[in-house]
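Undergrad: My questions will all concern the structure given below.
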Amino acid sequence: MKQLNRRSAVTRTLRIAALGVAASMALTGLARAEDLLAKAKAKGELTVGTELQFAPFDFVEDGKQAGMNKEIFAEIGKELGVKIAFLDLPWPSVLPGLEAGKFDMVAGPATITKARMERYRFTSPIANATVAILKKKGDTSILKPEDIAGKKVGSAKATAQLAQLQEFAKTLPTPPTIQEYVDFSQSYADLGAGRVVAVANSLPNIAFLAKSKPDVFEVVEPPFGKPVYFGYIGTKAADAKSLMDAVDAVIIKMKHDGRLAALQKKWFGTEMATPDQVTDASF
């Protein structure tokens with residue numbers, strides 16, 4: 001009888017252990033199911049939020065999405081074995097959409113700043129976002145950024161680019177007159193019309209414009225602002241780590257094998273060296 005009781009106790013113990021293993025496996029399976037990279041691979045699709053109004057990164061051409069982001073994410077999709085599904089949204093709703101889990105990550109890209117780094121995880125930067133000067137083609141009065149001293153220049157209101165132009169102006173012997181615009185399109189129009197002699201904006205944006213209209217505009221090298229970079233955005237949640245690690249690995253691989261430089265050359269007309277990671281933003 002005692003032997004039978006011992007056998008029953010052993011059986012109960014084994015059953016409890018089996019239930020524990022099953023529960024552990026179930027929890028592991030649940031964790032894997034919630035992992036964004038695993039979910040994307042299981043679905044065969046990575047969902048990315050963006051705004052198709054930010055050339056040359058994302059814009060619409062002949063009714064279809066075009067731009068550098070589409071081509072970079074095509075490479076990411078190939079490396080990860082998934083298709084890329086872009087969601088076009090107004091920019092103010094993109095980051096809230098990411099936090100609400102509406103999509104897996106943001107293609108933006110966005111300037112990597114201290115405040116944003118506290119809240120989000122950025123990928124390895126894909127372009128230099130440092131501020132530079134755009135001038136009219138052939139204007140020999142501006143050969144370097146310091147040559148805007150005493151001249152009338154433009155930038156957009158309430159932007160980081162305007163703030164950096166204002167700081168740079170303080171270092172010049174004769175400060176320039178700064179004209180503020182509602183958006184950069186107006187500043188470019190005034191530059192073309194000769195109402196300002198230069199416009200300050202992020203290097204990729206003005207490089208794209210100069211490449212698109214080579215007979216009208218050109219970029220003044222080098223950039224003058226604090227070194228800043230554009231990167232893609234994900235959350236800092238545990239379920240996003242493997243995805244962001246994987247995307248980082250692809251972007252860094254593209255830097256080292258020349259694919260990213262080739263895309264920069266295509267879309268900006270120039271290559272841009274970027275670090276593999278930004279650990280401390282300049283502002």
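Undergrad: Would you confirm, using the coordinates I've provided, whether GLU51 is open to solvent by 60 Å² or more (accessible area, probe 1.4 Å), among the acidic types (Asp, Glu) and out of contact with any Ser or Thr (no Cβ under 8 Å at 6 or more places or on another chain)?
TA: Details: open to solvent by 60 Å² or more (accessible area, probe 1.4 Å): no; among the acidic types (Asp, Glu): yes; out of contact with any Ser or Thr (no Cβ under 8 Å at 6 or more places or on another chain): yes.
No.
Undergrad: Looking only at the range 48-59, how many residues end up being of a type in the set (Gly, Ala, Ser) and free of Cβ contacts under 8 Å to residues at least 60 places away in the same chain?
TA: So in the range 48-59, the residues of a type in the set (Gly, Ala, Ser) come out as 49, 55.
Then drop every residue that is not free of Cβ contacts under 8 Å to residues at least 60 places away in the same chain, which leaves 49.
Residues flagged as of a type in the set (Gly, Ala, Ser) and free of Cβ contacts under 8 Å to residues at least 60 places away in the same chain within the range 48-59 amount to 1.
Undergrad: Hey, which of the helices (runs of 4 or more DSSP H) in the range 28-113, taking only ones fully inside, have at least 3 residues that are out of contact with any helix residue (DSSP H, G or I) (no Cβ under 9 Å at 6 or more places or on another chain) and on the phi < 0 side of the Ramachandran plot? Before you say what the answer is, go through the steps one by one.
TA: Details: elements: 36-43, 68-80, 91-99.
The qualifying helices (runs of 4 or more DSSP H) are 68-80, 91-99.
Undergrad: Still on this model: What strands (runs of 3 or more DSSP E), lying completely within the range 149-219, carry at least 2 residues that are among the hydrophobic types (A, V, I, L, M, F, W, C) and open to solvent by less than 60 Å² (accessible area, probe 1.4 Å)?
TA: Values: elements: 152-156, 177-181, 198-202.
Because the criterion is at least 2 residues that are among the hydrophobic types (A, V, I, L, M, F, W, C) and open to solvent by less than 60 Å² (accessible area, probe 1.4 Å), the strands (runs of 3 or more DSSP E) in the range 149-219 that meet it are 152-156, 198-202.
Undergrad: While we're looking at this one, here's another question. Going residue by residue through the range 110-125, is there one that turns out to be without any contact (Cβ under 8 Å) to a residue 40 or more places away in the chain and either crowded, with 20+ Cβ neighbours inside 10 Å or under 23 Å from TYR188 (Cα atoms) (or both)? Quick ask: steps written out before the conclusion?
TA: Keep residues of the range 110-125 that are without any contact (Cβ under 8 Å) to a residue 40 or more places away in the chain, which gives 115, 118.
From the residues that got through so far, the ones that are either crowded, with 20+ Cβ neighbours inside 10 Å or under 23 Å from TYR188 (Cα atoms) (or both) too are none.
Within the range 110-125, none of the residues are without any contact (Cβ under 8 Å) to a residue 40 or more places away in the chain and either crowded, with 20+ Cβ neighbours inside 10 Å or under 23 Å from TYR188 (Cα atoms) (or both).
Undergrad: OK, next. Pairs only if they're at least six apart or on different chains, beta carbon under 7 angstrom, first in the range 159-177 and small (Gly, Ala, Ser), second modelled with pLDDT under 95 and open to solvent by less than 80 Å² (accessible area, probe 1.4 Å); list them, first residue then second.
TA: Listed by first residue and then by second, the contacts come to ALA160/THR111.
Undergrad: Name the residues in the range 60-109 that are of a type in the set (D, E, K, R), under 25 Å from LYS41 (Cβ atoms) and either open to solvent by 70 Å² or more (accessible area, probe 1.4 Å) or without any contact (Cβ under 8 Å) to a residue 24 or more places away in the chain (or both), would you? Steps first, answer last, please.
TA: In the first step, residues of the range 60-109 are kept if they are of a type in the set (D, E, K, R); the result is 61-62, 64, 70-71, 75, 78-79, 83, 88, 99, 102, 104.
Retained after the next criterion (residues that are under 25 Å from LYS41 (Cβ atoms)): 70-71, 75, 78-79, 83, 88, 99, 102, 104.
Selection gives LYS70, LYS78, GLU79, LYS83, ASP88, GLU99, LYS102.
Undergrad: For the range 262-277, give me each residue that is open to solvent by less than 30 Å² (accessible area, probe 1.4 Å) and more than 18 Å from ALA107 (Cα to Cα).
TA: MET272
The values are calculated or read from the model by the stated rules, or taken from the named source; none is laboratory data. Nothing here was measured: the structure is a model prediction, and the numbers come from that model. All Cβ positions, even for glycine, are placed from backbone atoms using ideal geometry, and neighbour counts span all protein chains on display. Each accessible area value is taken on the protein alone, full model and side chains, heavy atoms only, with ligands, DNA and RNA left out. Shrake-Rupley method; radii C 1.70, N 1.55, O 1.52, S 1.80 Å.
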